[in-house]
Structures are given as structure tokens and as C-alpha cells.
Amino acid sequence: MAMNDGSKIVFHVTWDARSGLPVEIKAAGSPPLSLSLSKIKLKAPPEEIFGAPEGFAKYPSAEVLADELAARQHNLRRGIPLLPTTTPGSAEVIRH
């Protein structure tokens, strides 16, 4: 790997033949690096970690998302704060 200062670091990776995962990564340098992975469990992660976060709004298309973003930016420039939306494409505004 080439660093910003032009120096290079070479990584040595040891792979587990059964899982295909790296089990050890070493790099000589200052300071030297050694990373060992152990107790690797090959199982599917829980489904819930891939769900949408609370308050997430799904937009039917990229165009609708872009329109919503443009509307929010326009209103913020005018000093109109937005409430979080629950329905894509329907920003609610607070008027003073």
C-alpha cells in the first residue's frame, strides 16, 4: 500500500482455507502491525441489523428523493425549518 508521504507498507495476509477469511494480517513498519482473528463463527447475522433505521423514509424513485432534497434545501435557505417527514415527498414546514 502506498502512503501519502510516498512510503510503502507491505501487508502479509494468512487465509483460512475452509472459510476463505483472513485469519492473520501483518505489516512491517513503524510501528509494526499484527492482527489475528480467532473464534470466527460462520453464521448469518440477525435480520434486524439490515432493516431501515427509525424515521427512514423510502422514496419511490431517485427523482422524488432529489425533488424532496431540493425543496428542503430551498426552505432552509429561506429560514423555514422542516419537521421530519413520514411520507416521502410530503415535507411539512413550520411557519413563523
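The values are calculated or read from the model by the stated rules, or taken from the named source; none is laboratory data. Keep in mind it's a predicted model, so treat the numbers as computed, not measured. Positions of Cβ are backbone-derived with ideal geometry, glycine not excepted, and every protein chain shown enters the neighbour counts.
A few remarks follow.
- When Met3 is tested against (1) at pLDDT 85 or above; (2) loosely packed, with under 10 Cβ neighbours inside 10 Å, only condition (1) is not met.
- Residue pairs meeting the criteria (Cβ under 7 Å; at least 6 apart or on separate chains; first under 15 Å from Trp15 (Cα atoms), in segment 32-49; second small (Gly, Ala, Ser)): Ile40/Ser19; Leu42/Ser19
- Test: residue in segment 54-67 that is among the hydroxyl-bearing types (Ser, Thr, Tyr) and in contact with a Pro (Cβ under 7 Å, 6 or more places away or on another chain): yes
- For segment 30-39, the tally of residues that are of a type outside the set (S, T, N, Q) and outside any strand (DSSP E or B) stands at 4.
- Cross-chain or 6+ apart pairs with Cβ under 7 Å, segment 1-29 first and part of a strand (DSSP E or B), then basic (Lys, Arg) and modelled with pLDDT under 85: Ala2/Lys8
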